[in-house]
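Taking it in order: structure first as structure tokens, then the write-up.
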Amino acid sequence: MALSAKLELRQGQQLVMTPQLQQAIRLLQLSNLELMEFIETELERNPLLERNENAENPVSADTETPEFTKLEEPPAPPADDNWLDLGKPADPESGFDSDYENVFTDTAPADIGPDQSGLGWASLRQRSPGMDDDVNIEAFVANDVTLRQHLSEQLPLVLKDPAERIIGQYLIDMLDDAGYLPADLGALTNKPGAPPELIERAIVSLQTLDPPGVFARSLAECLALQLKVQNRYDMVIGSFLENLHLLASHNLSGLRKVVGVEMEELAEMVTEVKRLDPKPGLKFGSVQMQPIVPDVLVRPAPDGSWIVELNTDTLPRVLVNRTYLARVSKTASSHDDHNYLVECLQTANWLVKSLDQRARTILKVAEEIVRQQDGFFIYGVQYLRPLNLKTVADAISMHESTVSRVTSNKYMATSRGIFELKYFFTSAIACAGEGEAHSSESVRHRIRQMIDGETPASVLSDDKIVEKLKTDGIDIARRTVAKYRETMRIPSSVQRRRDKRLSEHLGRLAQA
């Protein structure tokens with residue numbers, strides 16, 4: 001068969017995603033922190049982009065302004081969505097008041113003396129009639145002392161040598177929040193470059209500091225240090241602490257044989273150990289940071305509906321500076337300079353449009369979630385409905401992949417807490433009779449409620465839980481109940497029965 005060259009004309013359709021479209025899709029699934037990092041990079045790279053720091057609303061529209069192109073505000077919902085009242089003002093009965101004249105009274109409360117308040121009450125009382133506007137109230141509030149600060153203040157009391165103090169400070173910095181040292185001392189000896197015996201001697205000295213139990217390398221050592229301070233440590237209790245794994249597995253008979261005591265004495269030792277603090281470092285203050293900043297805020301309206309709005313703190317404040325563009329365009333002499341400015345303008349306009357579309361899409365998806373899960377916001381998790389991506393996508397005329405990207409790494413702040421948007425998408429469990437299916441999350445909640453209401457004489461097995469759920473109209477298999485129980489880290493019925501009996505026995509001994 002001979003090979004020959006020829007021309008053919010074919011007609012077809014093909015979907016091609018441009019780099020800008022790919023970037024716009026990627027913006028949908030970015031969290032608010034990742035979005036801020038992306039915006040910072042674009043601000044450094046594009047001279048026509050500018051941060052709008054003075055804007056009251058970071059996403060605003062002003063198409064008539066000649067100098068700037070601003071982000072547009074997400075539009076109000078259609079008329080048939082009046083149950084989602086996005087335009088209503090805040091509830092005047094919400095508890096927020098702008099009158100600050102009576103925040104501080106002229107006299108301190110009777111039960112707080114000048115040396116007991118800890119807030120400098122005497123100073124506030126003297127200045128309250130005519131406080132200056134520049135007074136920093138936060139300066140009167142005492143800061144929480146951290147564990148490391150507390151130990152560093154005691155360090156000179158037990159370590160006198162300068163070299164030992166350096167090692168001691170190093171060991172203080174190595175503590176975790178609970179007050180424990182890493183179990184691997186080999187790594188500790190290599191980093192400061194000190195001999196192991198010197199570090200071990202420093203640890204022994206530091207273990208005498210307050211609070212008792214710090215600088216331990218295991219739970220048994222932590223409890224032993226606290227018992228030594230109370231002068232309650234001996235060989236018997238030492239053997240008990242060395243076999244805490246038997247207590248954790250509720251093997252009391254094996255623990256009694258190893259320790260060599262009677263059951264009554266063993267119960268007293270268990271009671272005494274339970275009074276100790278397994279994490280002594282947690283009683284000290286630490287810097288509390290909010291791990292999650294919600295993207296959507298949901299609050300009840302006075303008429304019983306829900307107000308759904310975007311969190312303006314997470315929206316980027318970006319605009320296009322057309323005044324600067326006009327000024328620079330006059331000085332652009334070469335063809336390359338002109339092309340560069342055109343490219344920057346196109347990129348800036350695309351970014352503003354993409355951010356606007358992202359905000360609109362998040363708000364639209366959040367509105368539909370609130371509409372679908374109205375029972376959850378009113379009554380709680382037991383009324384959470386089964387929901388999937390297709391249901392929301394069909395309701396708002398979007399693709400499932402778009403809804404999936406929007407709900408990734410996005411959070412909603414409600415009166416019941418902060419939840420990821422994906423939390424509201426749960427699988428369905430069939431109803432035992434006629435009726436709607438049940439959400440898997442609500443079934444987990446019912447299982448936890450049943451187990452929390454158990455008594456030592458009526459511990460529910462997985463089969464018994466299945467029977468109770470079926471009487472409530474929930475058709476579920478025993479293996480599914482076991483899977484849900486394990487995901488909630490709830491032990492088996494045998495283990496729970498042992499725990500309750502042990503607690504009951506210890507309670508009777510404590511009363512005696």
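The values are calculated or read from the model by the stated rules, or taken from the named source; none is laboratory data. Model, not experiment: these values are computed from the prediction. No Cβ is skipped: glycine too gets one built from the backbone with ideal geometry, and neighbour counts run over all protein chains shown.
The table below gives the values:
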{"item": "Only one of A2, A90, A61 that is farther than 23 Å from T314 by Cα and modelled with pLDDT under 80", "result": "A2"}
{"item": "Given (1) surrounded by fewer than 18 Cβ atoms within 10 Å (Cβ to Cβ); (2) modelled with pLDDT of 90 or more, number of the condition S440 does not satisfy", "result": "(2)"}
{"item": "Segment 366-397: number of residues that are over 22 Å from the mean Cα position of the chain (by Cα) and closer than 30 Å to L49 by Cα", "result": "0"}
{"item": "Some residue of segment 321-334 being touching a strand residue (DSSP E or B) at 6+ places or on another chain (Cβ under 8 Å), farther than 30 Å from G417 by Cα, in contact (Cβ under 8 Å) with a residue 40 or more places away in the chain and assigned to a strand (DSSP E or B)", "result": "yes"}
{"item": "Cβ pairs under 8 Å, 6+ apart, first in segment 482-499 and at positive phi, second at pLDDT 85 or above", "result": "none"}
{"item": "Residue under evaluation V273, criteria (1) at pLDDT below 85; (2) within 30 Å of L252 (Cα to Cα), criterion not met", "result": "(1)"}
{"item": "Yes/no for D303 being touching a residue at least 24 places away in the same chain (Cβ under 8 Å), in a loop (DSSP other than H, G, I, E, B) and exposed (fewer than 14 other Cβ atoms within 10 Å of the Cβ)", "result": "yes"}
{"item": "Residue in segment 330-340 that is at pLDDT 85 or above, in contact with a Leu (Cβ under 9 Å, 6 or more places away or on another chain) and assigned by TED's automatic domain parsing to the domain that holds R405 present", "result": "no"}
{"item": "Helices (runs of 4 or more DSSP H) wholly inside segment 381-488 containing at least 3 residues that are among the aliphatic types (A, V, I, L, M) and within 23 Å of I369 (Cβ to Cβ)", "result": "389-396"}
{"item": "Members of segment 379-427 that are among the charged types (D, E, K, R) and out of contact with any Phe, Trp or Tyr (no Cβ under 9 Å at 6 or more places or on another chain)", "result": "K390, D394, E400, R405, K410, K422"}
{"item": "Residue match in segment 377-384 (condition: over 21 Å from M488 (Cβ atoms), outside the structural domain of D475 (by TED's automatic domain parsing) and not aromatic (F, W, Y))", "result": "yes"}
{"item": "Some residue of segment 221-237 being closer than 30 Å to S492 by Cβ and surrounded by 13 or more Cβ atoms within 10 Å (Cβ to Cβ)", "result": "yes"}
{"item": "Qualifying residue in segment 447-470 (condition: within 30 Å of T361 (Cα to Cα), touching a residue at least 24 places away in the same chain (Cβ under 8 Å) and either among the hydrophobic types (A, V, I, L, M, F, W, C) or surrounded by 18 or more Cβ atoms within 10 Å (Cβ to Cβ) (or both))", "result": "no"}
{"item": "Flag for S408 being surrounded by fewer than 18 Cβ atoms within 10 Å (Cβ to Cβ), modelled with pLDDT under 85 and either under 30 Å from D295 (Cα atoms) or in the same structural domain as W306 (by TED's automatic domain parsing) (or both)", "result": "no"}
{"item": "Filtered residues of segment 471-512 (kept if modelled with pLDDT of 85 or more and of a type in the set (A, V, I, L, M))", "result": "A477, V481, A482, M488, I490"}
{"item": "Selection within segment 230-245 - under 19 Å from L181 (Cα atoms) and out of contact with any helix residue (DSSP H, G or I) (no Cβ under 7 Å at 6 or more places or on another chain)", "result": "none"}
{"item": "Residue list for segment 8-48, restricted to those being among the acidic types (D, E) and either in a helix (DSSP H, G or I) or closer than 15 Å to L315 by Cβ (or both)", "result": "E34, E37, E40, E42, E44"}
{"item": "Test: residue in segment 280-294 that is surrounded by 12 or more Cβ atoms within 10 Å (Cβ to Cβ), more than 24 Å from the chain's Cα centre (by Cα) and in a helix (DSSP H, G or I)", "result": "no"}
